[in-house]
Each structure stands twice: as structure tokens, then as C-alpha cells.
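Peer 1: Could you have a look at this structure, given as C-alpha cells, before my questions?
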Amino acid sequence: MSETGFRERVFSGVQPSGNLTLGNYLGAIRRFVEMQESGKETIYCVVDLHAITVWQDPEKLDRATRELTAGFLAAGLDPDRSILFNQSQVPAHAELAWIFNCVARMGWLNRMTQFKDKAGKNRENASVGLFVYPNLMAADILAYHATHVPVGEDQKQHLELTRDIAAKFNHDFADRIAALGLGKGDEGGFFPLPEPVIEGAATRVMSLRDGTKKMSKSDPSDMSRINLVDSDETIARKIRKAKTDPEPLPSEPAGLEGRPEAKNLVNILAALEGKSPAAVLAEHGGKPFSAFKPVLAEAIIAEIGPIRDRMAEILDGPAEIDRILAEGAERAEAIAGPIVDQVHDIVGFVRSRR
Ligand code: TYM
């Protein structure tokens, strides 16, 4: 039980929209594996409904879904200990998202920076799904009454919106929730206010070509990112060519200010070695990048190489991947289905079938 009276439950999701990057791995997936060891119930979702908010070639989406699932498994997620599934197999997500479309306010969504970034200048031509994307994300989390959500820094605003939606729903329907005896915890709300878990040295891994931009699977330059499927040689080359400045590394974190590329490379090594950036600089301060980069490349290869190889083996058996997703979806549905049924009761829908 968490302090708020809700059972401690972890939920997070990753979009199957292209190659997984080192950013996804260090910012999210590696944390998912750690949380699997935490004793809390863990639920991880391949969010295919989110992916189609921008065009996805249907011939490639199924492959991307299986690849991401293979990435989860290869990184150490265990389908016996965590629930692993793809979002579209559990209707509760889309159902609750509709109700949240009617709870969230236009003004809240208008403030979402990720929509502005993704829609770019051509907002009129963005899909409506892209605009209401954060409501679906809130539904993903709240359909499970999840209390903890491990994510990278870029998802923080969406998590704040999730909490706002939960709080507004609890408030708007407070009398009904109490009348039905469905309130939980000190506040008597139906939904918990989930905590973002944004921790470690690599909550925002930056592009290798521009230290002020996030490392992203959608960046047009492949040299900007390390993909989980990159060969050892490719990883070494990308790090060798990564943008830096002419100064040697400082001995203390304060010396990284105004040096975004240097800061990024130090943070990546710190995350890989499970150290603080200060500890990395205590060891490598004063070195030129020509000496630091090979150390970094080796650390990335040591971590990513085995995952990449295991991913390829797992992908050889797509039927087994599909079986894992189907079983995960059944377990997910068993949790989310009854919660969404209760939402129907709270909202006042007639419910005679379930
Ligand atoms: P997505 O698919 O863009 O990214 C998946 C996870 O990887 C993290 N991440 C990063 N972390 C550090 N540095 C980076 N450069 C970097 N790039 C990506 C993201 O923060 C994320 O944790 N909206 C979400 C998916 C989602 C979700 C959810 C997450 C849908 N429903 C419910 C949590 C709970 C997204 O687009 O992630």
C-alpha cells in the first residue's frame, strides 16, 4: 500500500514508432527493469494507439511492436514478473481516454509543449489524436490505478496533466464516488495521483550532433543517436564523431555549464556506470575527448551489445512474442476492465452487460 491508500503499482509505456534509442533505454527501460525488482507490481505497455497519432506504415507497425517487445525482454523484463502487452489489445485504454477527453480542458492541452514540437508549424494538419494524446496517456496510467510512473524528463508535463485529470475527476464526481463507496485513501478519491519517477543521471539523453536537442528516434540524422540495434562498429563510430568542444573535460560538474555536448557524454557514462557525474569527472577530468570517447564507446558497447544480440534471437520467434503479448493483455484486462466498469458506474452509464 502506498501512503495514499492505493496499492503500489508501476505503469509505463513506450511507443513502437521506430528504433529504440540509448535515450529510451537509459531514461526508461533500464529503470523499468530496476523497478521490476522493487517488489511493486509492474505493468509495461507497447503503446501502439499512441504511435498512430502520426502516420505509421501498417506493414511496419506490427514489426515495430514485436521489436519493442523483444527489446523489453532482452533488457531484462520478465513476463512472469511484469505484465507486458500492447495497448490496442486492451480496450479499457481507449474507453477511458474518451471519458478523459470530456474531463480535460482545451486550455490544459493547449499548453502541452510536446504537441507544439510534434505538430510544428502545420498545426491545422496535425491529427486530432496527436492533440488529445496526453488524455490517452492519463487513461493508460489511471486505468490501472497506477501510483508510480518511470519516465524520462520529456514526459514530466504529461504526468502533471495526468494528475490534473485524476484530481478533476475525483472532484467533479466526489458525491457520486462517495455514494457508491468507491473512494479510497485519505482524500476519498477514486483515482490516485500518480508520482512520476524521473531519476538517475540520464533522464534526458541529448542528441550526439546537438547537445541542446533530445536524442530521438525521429531525428532525421541517424548519427544523432545510438540505436539499440546498432553494431559495435557503428556505436564506436557515432561516439567518435559525436560533437564536442575543444576543451578537455573539467574536474567538477560546475565546469560543464555552457558545454551541453560534454555534459551529455559525461551523463551517459555516469548512467551506464551507475555513478554520479561528479564521480565520472573525478576520474576523467583533464582528459581530452580523444581519450574519453573510447572509454564511453566501450561502456555503451558492453551494455547494449548483449541486449542487441539477445533481441535478434528473440525476434527469431515472433509466435512466442505474440503469445507473451496476448497473455499480458489478458492479465492487464483483468485489472483495467473492472476499474473502467466502476468509472462507468460513477459517470452514470447504464451497465447491464458486465
Ligand atoms: P516515448 O516512446 O517517446 O519514449 C519512451 C520512454 O523513453 C523516454 N525517453 C528518453 N529518456 C531520456 N532521454 C531521452 N532522449 C529520451 N527519449 C525518450 C521517455 O521519456 C519515455 O519514458 N508518451 C510516452 C509513452 C507513453 C507513456 C504512457 C509513458 C504512453 N502512455 C503512460 C508512461 C505512462 C512516449 O511517447 O514515450
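The values are calculated or read from the model by the stated rules, or taken from the named source; none is laboratory data. On a predicted model such as this, the values are computed, not experimentally measured, just so you know. Backbone-built Cβ (ideal geometry, glycine too); neighbour counts: all protein chains shown.
Peer 1: Does Lys238 satisfy the criteria of being within 16 Å of the ligand (Cβ to nearest atom) and under 30 Å from Ile165 (Cα atoms)?
Peer 2: On the way: within 16 Å of the ligand (Cβ to nearest atom): yes; under 30 Å from Ile165 (Cα atoms): no.
No, not satisfied.
Peer 1: Now for a different question. Could you tell me which of the residues Asp164, Asp140 is more than 14 Å from the ligand (Cβ to nearest atom), charged (D, E, K, R) and part of a helix (DSSP H, G or I)?
Peer 2: Numbers: Asp140 fails: more than 14 Å from the ligand (Cβ to nearest atom).
Matching residue, one of Asp164, Asp140: Asp164.
Peer 1: Tell me, yes or no, whether the range 279-291 has at least one residue that is closer than 23 Å to Ser221 by Cβ, of a type in the set (S, T, N, Q) and crowded, with 18+ Cβ neighbours inside 10 Å.
Peer 2: Residues of the range 279-291 closer than 23 Å to Ser221 by Cβ: 289-290.
Adding the requirement that they be of a type in the set (S, T, N, Q) leaves 290.
If we keep only those that are crowded, with 18+ Cβ neighbours inside 10 Å too, we end up with none.
The answer is no; no qualifying residue exists.
Peer 1: Which of the residues that make up the range 64-98 are surrounded by fewer than 20 Cβ atoms within 10 Å (Cβ to Cβ) and more than 22 Å from Leu20 (Cα to Cα)?
Peer 2: Listed by number, the residues that qualify are Asp80, Arg81, Pro91, Ala94, Glu95, Trp98.
Peer 1: Kindly indicate whether any position in the range 226-247 is under 21 Å from the mean Cα position of the chain (by Cα) and under 30 Å from Arg9 (Cβ atoms).
Peer 2: yes
Peer 1: Going by what's in this entry, would Ala271 be described as surrounded by 14 or more Cβ atoms within 10 Å (Cβ to Cβ) and closer than 13 Å to Pro294 by Cα?
Peer 2: no
Peer 1: For the range 202-222, give me each residue that is part of a loop (DSSP other than H, G, I, E, B), of a type in the set (Asp, Glu) and more than 11 Å from the ligand (Cβ to nearest atom). I'd like the intermediate steps shown before the answer.
Peer 2: Start the filter on the range 202-222 by keeping residues that are part of a loop (DSSP other than H, G, I, E, B), which leaves 202-205, 207-213, 215-221.
Then keep just the ones that are of a type in the set (Asp, Glu); that gives 210, 219.
Once the filter is applied, which keeps residues that are part of a loop (DSSP other than H, G, I, E, B), of a type in the set (Asp, Glu) and more than 11 Å from the ligand (Cβ to nearest atom), the range 202-222 yields only Asp210.
Peer 1: On to the next question. Which residue pairs have Cβ atoms closer than 8 Å, lie 6 or more positions apart in sequence or on different chains, and pair a first residue in the range 304-317 that is in contact (Cβ under 8 Å) with a residue 60 or more places away in the chain with a second residue that is buried (at least 20 other Cβ atoms within 10 Å of the Cβ) and assigned to a loop (DSSP other than H, G, I, E, B)?
Peer 2: Ile304/Ile226; Ile304/Leu228; Ile304/Asp230; Ile307/Leu228; Arg308/Leu228; Arg308/Asp230; Met311/Leu228
Peer 1: I'd like the full set of residues that are assigned to a helix (DSSP H, G or I), of a type outside the set (A, V, I, L, M, F, W, C) and either in contact (Cβ under 8 Å) with a residue 24 or more places away in the chain or over 15 Å from Ile177 (Cβ atoms) (or both), limited to the range 327-353. Full working, then the answer.
Peer 2: Of the range 327-353, the ones assigned to a helix (DSSP H, G or I) are 327-347.
Cutting the leftovers down to of a type outside the set (A, V, I, L, M, F, W, C) gives us 327-328, 330-331, 333, 337-338, 341-342, 344-345.
Passing the criteria: Glu327, Gly328, Glu330, Arg331, Glu333, Gly337, Pro338, Gln342, Asp345.
Peer 1: Give me the residue from the range 187-196 that is assigned to a strand (DSSP E or B) and more than 10 Å from the ligand (Cβ to nearest atom) and, out of that set, surrounded by the fewest Cβ atoms within 10 Å (Cβ to Cβ).
Peer 2: Filtering the range 187-196 down to residues assigned to a strand (DSSP E or B) leaves 189, 195-196.
From what's left, more than 10 Å from the ligand (Cβ to nearest atom): 189, 195.
Working: Gly189: 22, Glu195: 16.
Ranking the qualifying residues of the range 187-196, first place goes to Glu195.
Peer 1: Separate question: Check whether at least one residue in the range 222-229 is modelled with pLDDT of 95 or more, buried (at least 18 other Cβ atoms within 10 Å of the Cβ), under 20 Å from Asp154 (Cα atoms) and of a type in the set (Val, Ile, Thr), and report yes or no.
Peer 2: Yes, that holds for at least one residue.
Peer 1: Scan the range 282-303 residue by residue and report those that are of a type in the set (A, V, I, L, M) and in contact with a Leu (Cβ under 6 Å, 6 or more places away or on another chain). First the steps, then the outcome.
Peer 2: Going through the range 282-303, the residues of a type in the set (A, V, I, L, M) turn out to be 282, 291, 295-297, 299-302.
Correct list: Leu296, Ala299.
Peer 1: List the strands (runs of 3 or more DSSP E) that sit entirely inside the range 1-90 and contain at least 2 residues that are free of Cβ contacts under 8 Å to residues at least 60 places away in the same chain, in contact with a Ser or Thr (Cβ under 9 Å, 6 or more places away or on another chain) and more than 25 Å from Leu265 (Cα to Cα). Steps first, answer last, please.
Peer 2: Details: elements: 9-14, 41-46, 82-86.
In the range 1-90, the matching strands (runs of 3 or more DSSP E) lie at 41-46.
Peer 1: Being among the small types (Gly, Ala, Ser) and within 14 Å of the ligand (Cβ to nearest atom), is that true of even one residue in the range 34-47?
Peer 2: Narrowing the range 34-47 to residues among the small types (Gly, Ala, Ser): 38-39.
Restricting the remaining residues to those that are within 14 Å of the ligand (Cβ to nearest atom) gives none.
No, that holds for no residue.
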